[in-house]
Amino acid sequence: MMDGSGRSFVDFPISNSARKSTNGVVIFGKKHDNNGTLHGAAMPAGVEKVTKFHTHSIPLDMEDIERDYDKPIVDAGIAAKASVIVRVGMLDLGAGTGSFRVRQMMHRIAYPLGVHVRADVNLTDIEASCTDHKDRVTEVIDLPTTGVNTERIWLLEHFADWFSVNLGHSAVYHNHGVELSDKLVENLNVRDVSQLSAEASKEMRKAEKEAKTRHGDLPGDLPDDAPMQSTAAATRQERIAEIDRQREIDADDPIVKQMHHDTTSEPAATAKPGKPSKARKQREHHPPRGQYAQHFDHVGKLAPNASDPNFKPITVRQAHERLDLIEHRKPLYSAEFAGFASALACASFVFLLGGGLYDMIAAFVGAGIGHWLRRKLFAKHLNQFFVTFVAVFVAALACTGTLRLIGFYDPIALAHDTAYIGAMLFVIPGFPLITGGLDIAKIDFPSGIQRLTYALSIILMATLAGWAVARIVFLNPQGFEPQGLSPLVTGLLRFVFAFLGVWGFSVMFNSPQRMCLVAALIGSITDTLRLEFQDLLGMPPEAATFIGAFLAGILAAAWRSSVRHGWLPPHLGYPRICLTVPSIVIMVPGLYMYRAMFYLGQFDTQNALDWAFRAFMVIICLPIGLAMARVVTDKSWRYDI
């Protein structure tokens, strides 16, 4: 797993719980297991000594899981099914996404298995209750720390579609590229899966063109209500046949029948003469007597027979083996390259804040060294608040030292006291800030408050380290000098440096290069417009930030929709959160937050509160803008259901 800095860490050996299941009731009793296996890279000796005191999740060698390990997962017991469902949620949570997406991902895995899942998701723990109409089980997992890994979020989306389609259901996310999901999940041991997806996408499009050339395109388009499913068939006629077969299968599903019944119009016999019949939804204010929740009776009915090319009897072992590959993938970038990306991002950030050439050079050096050090310290599994303080302290000193060296040749560099603030911005906890706000927007206050508290704790440690450096070397940052550029040149440079800055933050989030470039394109457009609105229209920073975040959400949704409709290649279908958060992290008011801490350290409470409230108003506009964009473009956010 990785944090926002690209931090990599491993799972601790598990000293877990003995579990007994009687009549669907699960009883947990703690029992230390000294034979827990160590996954991933080797641990330092100090870490290894304390791992036996940690419990994180139910081990896979429990008897009720082991006995079903080589069974088709649809025929396995509730314990084996829950082990896959909860593990997917754990991996998604460990990748930094919000509780809403974690629940959504767990439901996508649970539905084909006929399992109801109700989960309480927080910053580092999940409590999930699963039932399959006969038995029920509750599992609790807790992560040792939190982090960000956008590559994992992306791969889990493909895993969910691979899992669903190969169990005989339709895809949910990559409906125009299910073969792509199959290709990725079957080759997770490849180092660069992004390149693999691009090559597979190119082969798919080439095969479709060749099929059209050989057989000719059939008249008419596919029906608008065609279900999202695999398009592995070579010709258009075969794809239509697949859709017809799926509809026949769905005809036996009571849930599908009910959905169809709810959306049909009135019978002709009851319609008034001369007036068109109107669609009417059946409303039931109370569930049928004796029934609390609808069970998934579709299991076994929707699954095609063994001769269907889309059906693979996935076993519990196969599902966990692929999740192993996703969990233990190494970071895409080395500490040195991540340090370079951090340096470039912070130097670009300084320009967008109004800094000049000397400020950018100093921030480049300080942020590069600071982030490289942070990666190295995180590899030792040290406490991340301690690591944040040390890394920021070193980054600020390196930045100040660089300005002192430049001062030997040009004394004016000694006056650039504000530059070191830019060197600290690589620790901005953008993901927990944004996802915390989005969780609150979905009425998930426990998770949202926890994420915001965690983000504020990281910010507090960073600003304390910066304030300590300022006191040691007698800095008095008062802002950047005017750049003295024309509005046209300023706008063009803002576009360029916003692109570079978002690209750098995306690299720190472990995004594949194509994902980095898409996020950078969105960020360059939205951040440039935000700053231009402030300068040319005199718009308050809070309003401009809201518009920038809202536009980032709209552009990400438009990009995703273009991929779903086949207007863009399927390998570019990235989760929206992997595009929106990096694109608006650069809008976080790091300068405001530092000034608040600086004045607080001088006991100037009036100025401290002034800058703190300025920062607060800008920060809350970021998730509000994204949430508004989701409400406009996503039905699951538009309605409370």
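Results, tabulated for the structure shown:
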item	result
Test: residue in the stretch 543-554 that is farther than 30 Å from Asn149 by Cβ and assigned by the TED database to the domain that holds Ala419	yes
Residue tally, condition surrounded by fewer than 23 Cβ atoms within 10 Å (Cβ to Cβ) and either of a type in the set (D, E, K, R) or at pLDDT 95 or above (or both), over the stretch 530-543	3
Lone unmet requirement of (1) surrounded by fewer than 24 Cβ atoms within 10 Å (Cβ to Cβ); (2) not in a loop (DSSP other than H, G, I, E, B) for Ile109	(1)
Selected residue (only one of Phe474, Phe445, Phe495 is on the phi > 0 side of the Ramachandran plot and of a type outside the set (Lys, Arg))	Phe474
Residue check, Asn510 modelled with pLDDT under 80 and over 14 Å from Gly355 (Cα atoms)	no
Flag if His174 is under 23 Å from the mean Cα position of the chain (by Cα) and either at pLDDT 85 or above or outside any helix (DSSP H, G or I) (or both)	yes
The stretch 623-641: number of residues that are part of a loop (DSSP other than H, G, I, E, B) and in contact with a Lys or Arg (Cβ under 7 Å, 6 or more places away or on another chain)	0
Total residues in the stretch 394-412, condition among the hydroxyl-bearing types (Ser, Thr, Tyr) and not in a helix (DSSP H, G or I)	1
Among (1) part of a loop (DSSP other than H, G, I, E, B); (2) modelled with pLDDT of 90 or more, the one test that Tyr69 misses	(2)
Subset of the stretch 613-641 (residues that are more than 16 Å from Ala544 (Cβ to Cβ), of a type in the set (A, V, I, L, M) and surrounded by 18 or more Cβ atoms within 10 Å (Cβ to Cβ))	Ala627
Tally of residues being within 17 Å of Lys442 (Cβ to Cβ) and among the small types (Gly, Ala, Ser) across the stretch 75-117	4
Matching residues, the stretch 384-424, being surrounded by fewer than 17 Cβ atoms within 10 Å (Cβ to Cβ), among the aliphatic types (A, V, I, L, M) and within 22 Å of Leu353 (Cα to Cα)	Ile412, Leu414, Ala415
Qualifying residue in the stretch 417-434 (condition: out of contact with any helix residue (DSSP H, G or I) (no Cβ under 6 Å at 6 or more places or on another chain) and assigned to a helix (DSSP H, G or I))	no
Filter result for Ala520 (in contact (Cβ under 8 Å) with a residue 60 or more places away in the chain, over 21 Å from Ile428 (Cβ atoms) and in a helix (DSSP H, G or I))	no
Test result for Lys380, part of a loop (DSSP other than H, G, I, E, B) and outside the structural domain of Ala498 (by the TED database)	no
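Table: residues versus (1) within 15 Å of Val427 (Cα to Cα); (2) under 27 Å from the mean Cα position of the chain (by Cα); (3) not in a helix (DSSP H, G or I).
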| site | (1), (2), (3) |
| --- | --- |
| Gly355 | no, no, yes |
| Met360 | no, no, no |
| Ala363 | yes, no, no |
| Ala367 | yes, yes, no |
| Gly370 | yes, yes, no |
| Arg375 | yes, yes, no |
| Val387 | yes, yes, no |
| Val392 | yes, yes, no |
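The values are calculated or read from the model by the stated rules, or taken from the named source; none is laboratory data. Just so we're clear, the structure is a prediction, and the values are computed from it rather than from any experiment. Note that each Cβ is placed from the backbone with ideal geometry, even for glycine, and that neighbours are counted across all protein chains shown.
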